[in-house]
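Participant: Starting off with a structure, shown below.
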Amino acid sequence: MSDKKQKKPINWIAEARGLALMLLAVLAFHTFIAKPFYIPSISMVPNLMVGDRLVVSKYPYGWSWVSTSFHLANRADWRIAPSTPEYGDIVIAVPPHKAEDYIKRVIALPGDTIALVNGQIILNGEPIVQEVEPPVRLPAENDNICANGGECLSAFAPHLVLLEDGTPVYEPPTYRETLPNGASYLIIDHKDQRLDDMAEITVPDGHVFLMGDNRDHSADSRASTMEGGLDGPVPLQDVGGRAEFTTFSLDGRASWNPLTWWPSLRGERAWTSLRPELRGE
C-alpha cells in the first residue's frame with residue numbers, strides 16, 4: 001500500500017455552489033445595504049469630482065425597483081419601508097428616459113413650491129440663503145473630467161488663473177446655499193443660462209426636486225428628458241439611495257495600468273463625508 005495520500009477529487013458542484021452563494025451575498029449587500037458608485041460627470045462640482053469613488057447607502061429611504069444592483073427593465077411604483085429624504089441630501093436617482101443612475105442634491109420636498117429667478121432658488125415663497133464664498137480652486141491639469149465624452153472643467157476657462165508657483169487652476173464664482181433645515185453646501189454658478197429661471201411649481205406628493213451643485217452644467221429636475229434631465233420632480237420610488245462618503249479618487253493620469261494609480265490618487269478627497277454641513281437658522 002502506498003504511503004502517499006491520494007488527492008481527493010474536486011467537487012465542482014460544491015465549488016459552483018459556493019461561488020453562487022458568494023455572488024448572491026454581494027448582490028444582496030448591494031441591494032439592501034450599500035454599493036460603490038463612480039462619479040462620471042461634472043454636475044456635482046465642486047463637492048464631487050470626476051474620478052471620485054464613493055459609498056451609497058440603500059436603506060435610508062426604503063427599497064424600491066431601483067434598489068437592485070441591475071435595474072429592472074420595467075419600472076414599478078412599490079416601496080418597502082418608505083421614508084422621505086431631507087433637504088440637502090445627495091441622492092442617486094434614475095431618470096425617466098434611461099436606466100442609469102444620476103447623482104443630485106435634494107432641494108425641495110413633497111408639497112413644497114419652488115421657483116428660480118436669475119439662479120436664485122425661491123422655496124415656499126422665500127429666497128433661500130445664498131452667500132458669496134471665496135472661489136473654489138479646481139485643477140486645470142491632470143484631471144479626467146472629460147471622461148465618457150462629457151463636459152470638461154475647461155468649461156470654466158474664463159476663470160483660469162495661475163497660482164504663485166505657476167500652477168494653473170480654475171476659480172469660478174462660488175456660493176454657499178443654506179436650506180430651511182440648516183443644510184449648507186457650496187455651489188458654482190458662473191454664467192447666465194436658460195435653467196437659471198423657472199416658473200413656480202408645486203412638488204407633488206411622493207416626489208422630490210433635485211439639482212446639481214454645478215448649476216450651469218447639470219441636467220436635473222430643471223431640464224427635460226430631451227435635454228437629458230430628470231423632467232421635473234422625481235418620484236421617490238426612482239430614488240435609490242443616499243451618498244455617504246468618498247473612499248478614494250483618481251485624477252486623469254490613471255489608466256488600466258495599476259502602476260498609474262498611486263501617482264494619480266487625490267489623497268485629500270479620501271474618506272470625505274458627503275452629508276451637508278448643518279448650520280443654525
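Participant: Taking Cα atoms of region 201-256, Rg/Rh with Kirkwood Rh, to two decimals?
Facilitator: Values: Rg = 15.0 Å, Rh = 13.6 Å.
Result for region 201-256 is an Rg/Rh of 1.10.
Participant: Which shape class, rounded, prolate or oblate, goes with region 38-142 when its Cα gyration tensor gives a ≥ b ≥ c as root eigenvalues, a/c under 1.5 marks rounded, and past that a/b bigger than b/c marks prolate? If you can, show how the numbers build up before the last one.
Facilitator: On the way: a/c = 2.21, a/b = 1.22, b/c = 1.81.
It comes out oblate by the Cα gyration axes.
Participant: Whole number in Å², please: accessible area per residue of region 27-148, 1.4 Å probe, ligands, DNA and RNA not counted.
Facilitator: Values: 5370 Å² over 122 residues.
Using a 1.4 Å probe on heavy atoms only, each residue of region 27-148 averages 44 Å².
Participant: For region 226-281, what is the accessible area per residue in Å², given a 1.4 Å probe and the full set of protein chains? Walk me through the intermediate numbers first.
Facilitator: Values: 3360 Å² over 56 residues.
Here the residues of region 226-281 average 60 Å² of exposed surface.
Participant: Next question, about the same structure. Whole-Å semi-axes of the chain's equivalent ellipsoid, largest first, each the root of 5 times a Cα gyration tensor eigenvalue? Walk me through the numbers before you get to the answer.
Facilitator: Numbers: eigenvalues 293, 146, 49 Å².
Over the Cα atoms of the chain, the semi-axes work out to 38, 27, 16 Å.
Participant: Taking only Cα atoms and a 10 Å spring cutoff, compute GNM fluctuations for the chain and point out the largest among ILE92, ILE13, ILE122.
Facilitator: Looking only at ILE92, ILE13, ILE122, the largest GNM fluctuation is found for ILE13.
Participant: Between CYS152 and ASN181, what is 0.36 nm times their sequence separation minus the Cα-Cα distance? Round to one decimal in nm. If you can, show how the numbers build up before the last one.
Facilitator: On the way: separation 29, 0.36 × 29 = 10.44 nm, distance 3.28 nm.
Answer, rounded to one decimal: 7.2 nm.
Participant: What is region 206-281's relative contact order, in percent, from Cα pairs under 8 angstrom and six or more apart in sequence?
Facilitator: 22 percent
Participant: Further, regarding this structure: Within the accessible area of the chain, what % is carbon and sulfur when the probe is 1.4 Å and the other protein chains stay in place?
Facilitator: Details: 8760 of 14940 Å².
Looking at the chain in its full context, I get 59 percent from C and S.
Participant: Would you count, across the chain, every pair of lysines whose alpha carbons are under 21 angstrom apart, provided the pair is eight or more residues apart or spans two chains?
Facilitator: Numbers: LYS35/LYS58; LYS35/LYS98; LYS35/LYS104; LYS58/LYS98; LYS58/LYS104; LYS104/LYS191.
Lysine pairs meeting the criterion: 6.
The values are calculated or read from the model by the stated rules, or taken from the named source; none is laboratory data. What you see is a predicted model, and the numbers here were worked out from it, not measured in a lab. To get the accessible areas, we keep the full protein, side chains included, count just its heavy atoms, and leave off ligands, DNA and RNA. Shrake-Rupley method; radii C 1.70, N 1.55, O 1.52, S 1.80 Å.
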